[in-house]
Amino acid sequence: MEKYILKYFDAIRTIIAILIGIFISILVIYIISKSPGGSLRYFLLGPVLSKSRLGNVFETATPILFGGLAVSIPFQAAQFNIGQEGEIYLGAALGTAFALVFHMPAFLYAAMVLFFAGLIGAGWGYIPGILKAKWKVDELVSSLMLNYVAYFFGLYVINYHFRDKKAGFLVSYQLPKAAWLKQFIPGTRIHIGVILALVFAILVYYFLYHTKLGYEIRMVGFNRHFARYGGINVFKVIVLSQVIGGFIAGVGGMVEVMGIHHRFNWQMSPGYGWDGIVVAIIGHNHPILIIFAALFLAYLRVGGQVLNLMSDVPSEMVTVIESIIILLITAEAFLSQWKYRITVREAARKEELNESAS
Amino acid sequence: MDTILSIRNIVKVYPNGVVANKGISFDIEKNTIHALVGENGAGKTTLMKILFGIETPQEGEIIYKGKKVHFKSPLDAIKNGIGMVHQHLMLAPDLTVAENLTLGIEPRKWKIFLDTDKMNEIAKRVSKEFGLEVPFDKRVKDLPIGVRQRVEILKALLRNVELLILDEPTAVLTPQESDMLFKTLKDLKKHGKTIIFISHKLKEVKQIADRVTVIRDGKVIATKDASELTEHQIAELMVGREIKSERIAPSPKVGEPLLEVENLDYINEENIPVLKSVSFKVRSGEILGVAGVEGNGQTELVEILTGLRRLTSGKVIINGKDMAGKTPREIRENGVSHIPEDRMKNGVAEAATIKENLIVDRYYKKPFSKGILLDWKYITNYGKKLIKDFNVLATSPDALVSSLSGGNIQKVVVARELSSNPSVIVADQPIRGIDVGSEELVHRLLKEARDKGSAVFLVSADLDEVLELSTRIIVLYNGEIVARFDDVGGLTGKDLGPYMLGVKREE
Ligand SMILES: Nc1ncnc2c1ncn2[C@@H]1O[C@H](COP(=O)(O)OP(=O)(O)OP(=O)(O)O)[C@@H](O)[C@H]1O
Ligand SMILES: [Mg+2]
């Protein structure tokens, strides 16, 4: 038994953190709500009670997953580029512009638009990358600053050049149907982009753990001096990790436009880059774990929305509960003592076996 | 005699399940130098970390000055008069030497501002008092490892300890510095201090230890007076079998020069000339040893040869091609391998697995990868093989390097660098921190490489090593080659000493 606990320790720890988080949420809801039983049900089970809400979970998870994958690659190279928010935003804004200007045959259209959005994100990742590699400019600061530039520039392009004046809001023209990512499950808005996100996660996993460039990225992240000594081109890796991360972010932003809204409607930056950082941390920068982290965060979000709509718990409290759960999960040291005691007992038992055998 | 420290039945299990100490008990008498010896991975560092409050044992007790103690942190231990110099140095890299030395006891002006002048003064004073020279205003990260070691030793001495733990302090010191250190240790002993001393150099153990405890595989094999044991007996107790040393005859065929350095100059960032028109050749089938006190340009020379540093002028010809200013990849591709001086900085990525560390110079080649994909199955088996061939004590190729003992980390580096079929081997302190048994293995492998036609460029602070292995020797002093010995037969350390210290030079 204890052997299995050790093997799956990280998973078990996460589950326990979630349970404790839920327990705290229960307490909070009991204190705040007049009908706590019902509220709790909305929060915990809301997302699975109807098909459309379950769909919401997957739709919400998709841009977060793209964000998390985009973060994981530079983070694995120990490049703390946090420009994903800007890459997503600008990828979506310029991608929309591109789609509105160039019309193409249907089979090419979506792919070309996504690729273009990716290139925009990649270019946006290149700037802090090259600044760091060439002049040692701290990428944390430069990428953070670039987020503002991306936001205002994207906003300018859409509002001044592609704004649909007939719509009642500040939004772009609608994309031609051929550029939509099809929603294929009736009663939900689950679209091709959801599948695409999963494919990307698997590709990123293979990329990081099974390709030569992935290996280089991870070694540079572990110890830059070692990588250089071993012959790895550290300069190239620093730049490429941010470019590839940027590409994924750009695609992610455009997927959201093409799959859900079919036009650019973000007057505020949507925050998927920041969510991406959260799920990348929860998932230890591992693409497969990030899938689950994104689904989990999306589940919390949707549960929160249901709670907010259906009960008397205010949306601020929903955010508090969400944050408590995330805090618990990200706390590394949580339960490590427990793991340690089990390890010791296991080792002692093995020693005994050895002794009696010899 | 009084017992200052009693170690009773200590058991330590690491989180990964390795049992590093399996019931260790022995006593340390006050006012003695007590040596702790054992093979790589025997559990020496672990035990010392327990004494110093870094690791907690699962069982057993420690009785210090008659009282049962349980240190929760190094701070606790320091408060009780225990000091430790770690095997892998633990200084703050961004602080200056003086700041590091006075960390936690820094002098202040009006209790708030750091008093830098006073700090430097203290640093200067202790450095003089203990005969260990350090540049007190430089940042630690810019210093070579030997100098950092001196800083660490001074830092411990400065804190007025009663019990001083030294985990392989001499591994990165020159013999002269070691001698100075030993004098200091004997002085300390005279003043009533107690010292625990870990080393793989048994000569040193015989030289200064009063008592010796040998541990093997986490258990105490013997605790005896040092005078009762010979070096050979200690070695045999350590490994648990007879050791026979075999001499390998010098290689008969010396061939073409594979590494040629011509008029190499190097001026560093501070505009100081570090290497001055250095020229030498290393031919196929020979080992060229570099003797010299550390800090006379060896580190820079090695880094230039391997592409980690750019020379100012001159030629570096390897296998007939000028490699000056080329990248480490290009140089390695041209048949060079490099055992680096500082294994923790350059030699490994601690947080990566052993197998990932073993392929850093070859992952992109067949059969380690095909196309853009790595072949992990092949790499795992390859890792298993190297672990076995090079005697690395590890649970599997998937174990993290950070879970290995110091000497075993060194073996991982050596395994990688000697398994790439290099034509030129640049070996900087190849046996640093490696136990007697494995030392022989590494030396044998270097000689075998030589006999297969490699050219070996050997830098070592250990004169005995240079004398034993080298076909020819050059002496580096203040960035210049001050002597060349083409015939090493009958040569001793005494012959080299005056050149190394700059009192004598060849015309
Ligand atoms: N942090 C760690 N996690 C897991 N295992 C460890 C850790 N540190 C050491 N070990 C294991 O404990 C054993 C003893 O290691 P230790 O460092 O005490 O050896 P040592 O006697 O100091 O060897 P060396 O002469 O090479 O320095 C080794 O098998 C090592 O792999
Ligand atoms: Mg050790």
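The values are calculated or read from the model by the stated rules, or taken from the named source; none is laboratory data. The shown structure was predicted, so the numbers you read here are calculated from the model rather than taken from an experiment. Every residue, glycine among them, receives a Cβ derived from its backbone with ideal geometry; neighbour counts consider all protein chains shown.
The table for this structure:
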| read-out | value |
| --- | --- |
| Residue within the range B:26-35 that is at pLDDT 90 or above, farther than 27 Å from B:Ile145 by Cα, surrounded by fewer than 16 Cβ atoms within 10 Å (Cβ to Cβ) and of a type in the set (S, T, N, Q) present | no |
| Residues of the range B:418-435 satisfying the condition of being modelled with pLDDT of 95 or more and within 16 Å of ligand 1 (Cβ to nearest atom) | none |
| Matching entry among A:Ala178, A:Ala150 (being in contact with a Phe, Trp or Tyr (Cβ under 7 Å, 6 or more places away or on another chain) and within 20 Å of A:Tyr109 (Cβ to Cβ)) | A:Ala178 |
| Condition check for B:Ala349: part of a loop (DSSP other than H, G, I, E, B), over 22 Å from B:Leu441 (Cβ atoms), within 14 Å of chain A (Cβ to nearest Cβ) and among the small types (Gly, Ala, Ser) | yes |
| Near pairs, Cβ below 7 angstrom, 6+ apart or cross-chain, from the range A:34-51 (part of a helix (DSSP H, G or I)) to any residue that is among the aromatic types (Phe, Trp, Tyr) and surrounded by 15 or more Cβ atoms within 10 Å (Cβ to Cβ) | A:Pro47/A:Tyr299 |
| Selection from the range B:95-150 of residues that are assigned to a strand (DSSP E or B) and among the hydroxyl-bearing types (Ser, Thr, Tyr) | B:Thr96 |
| The lone exception for B:Thr327 - which of (1) hydroxyl-bearing (Ser, Thr, Tyr); (2) surrounded by fewer than 17 Cβ atoms within 10 Å (Cβ to Cβ); (3) touching a Pro at 6+ places or on another chain (Cβ under 9 Å) it fails | (3) |
| In the range B:433-448, the residues that are closer than 22 Å to B:Leu36 by Cβ and of a type outside the set (Val, Ile, Thr) | B:Gly433, B:Asp435, B:Gly437, B:Ser438, B:Glu439, B:Glu440 |
| Pair list, Cβ under 6 Å, 6 or more apart: the range B:46-72 residue within 16 Å of ligand 1 (Cβ to nearest atom), other residue outside any strand (DSSP E or B) and among the acidic types (Asp, Glu) | B:Lys49/B:Glu55; B:Gly53/B:Asp76 |
| Breaking point among (1) modelled with pLDDT of 85 or more; (2) hydrophobic (A, V, I, L, M, F, W, C); (3) crowded, with 24+ Cβ neighbours inside 10 Å, for A:Phe80 | (3) |
| Condition check for A:Leu203: assigned to a helix (DSSP H, G or I) and within 14 Å of another protein chain (Cβ to nearest Cβ) | yes |
| Residue among B:Ser396, B:Ser470, B:Ser403 that alone is surrounded by fewer than 24 Cβ atoms within 10 Å (Cβ to Cβ), hydroxyl-bearing (Ser, Thr, Tyr) and under 30 Å from B:Pro273 (Cα atoms) | B:Ser470 |
| In the range B:156-185, the residues that are away from ligand 1 (no atom under 16 Å from the Cβ) and touching a strand residue (DSSP E or B) at 6+ places or on another chain (Cβ under 8 Å) | B:Ala156, B:Leu157, B:Arg159, B:Val161, B:Glu162, B:Leu163, B:Leu164, B:Leu185 |
| Test result for B:Met84, within 11 Å of ligand 1 (Cβ to nearest atom) and either at pLDDT 90 or above or outside any strand (DSSP E or B) (or both) | no |
| Meets criteria (buried (at least 17 other Cβ atoms within 10 Å of the Cβ), within 14 Å of chain A (Cβ to nearest Cβ) and at pLDDT 95 or above) for B:Leu305 | yes |
| Number of positions in the range B:392-409 that are part of a helix (DSSP H, G or I), within 13 Å of ligand 2 (Cβ to nearest atom) and either closer than 15 Å to B:Ile359 by Cα or more than 13 Å from chain A (Cβ to nearest Cβ) (or both) | 4 |
| Residue tally, condition within 7 Å of chain A (Cβ to nearest Cβ) and farther than 24 Å from B:Lys388 by Cβ, over the range B:352-373 | 3 |
| The listed residue being in contact with a Phe, Trp or Tyr (Cβ under 7 Å, 6 or more places away or on another chain) and either surrounded by fewer than 24 Cβ atoms within 10 Å (Cβ to Cβ) or more than 14 Å from every other protein chain (Cβ to nearest Cβ) (or both), out of A:Val234, A:Val279, A:Val239 | A:Val239 |
| From the options B:Ile431, B:Ile425, residue that is within 16 Å of ligand 2 (Cβ to nearest atom) and either in the same structural domain as B:Val459 (by TED's automatic domain parsing) or not in a helix (DSSP H, G or I) (or both) | B:Ile431 |
| One residue from B:Lys447, B:Lys452 being without any contact (Cβ under 8 Å) to a residue 24 or more places away in the chain and of a type outside the set (Ser, Thr, Tyr) | B:Lys452 |
| Only listed residue being within 25 Å of the chain's Cα centre (by Cα) and either of a type in the set (Phe, Trp, Tyr) or within 14 Å of another protein chain (Cβ to nearest Cβ) (or both), chosen from A:Arg189, A:Arg218, A:Arg224 | A:Arg218 |
| Residues of the range B:473-507 classified as under 20 Å from B:Lys276 (Cβ atoms) and part of a loop (DSSP other than H, G, I, E, B), total | 9 |
| Residues located in the range B:1-23, provided they are away from chain A (no Cβ under 14 Å) and buried (at least 19 other Cβ atoms within 10 Å of the Cβ) | B:Ile4, B:Leu5, B:Ile7 |
| Residue match in the range B:373-384 (condition: in contact (Cβ under 8 Å) with a residue 40 or more places away in the chain and not charged (D, E, K, R)) | no |
| Cβ pairs under 6 Å, 6+ apart, first in the range B:80-98 and more than 14 Å from chain A (Cβ to nearest Cβ) and closer than 14 Å to B:Phe52 by Cα, second among the small types (Gly, Ala, Ser) and within 14 Å of ligand 1 (Cβ to nearest atom) | B:Gln87/B:Gly406 |
| Enumeration of residues in the range B:50-98 that are within 16 Å of ligand 2 (Cβ to nearest atom) and out of contact with any Leu (no Cβ under 8 Å at 6 or more places or on another chain) | B:Ile50, B:Phe52, B:Ile54, B:Glu55, B:His86, B:Gln87, B:His88, B:Leu89, B:Met90 |
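The rows are residues; the columns are (1) in a strand (DSSP E or B); (2) away from ligand 2 (no atom under 16 Å from the Cβ); (3) surrounded by 15 or more Cβ atoms within 10 Å (Cβ to Cβ).
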{"site": "B:Gln176", "(1), (2), (3)": "no, yes, yes"}
{"site": "B:Lys183", "(1), (2), (3)": "no, yes, no"}
{"site": "B:Phe197", "(1), (2), (3)": "yes, no, yes"}
{"site": "B:Glu262", "(1), (2), (3)": "yes, yes, yes"}
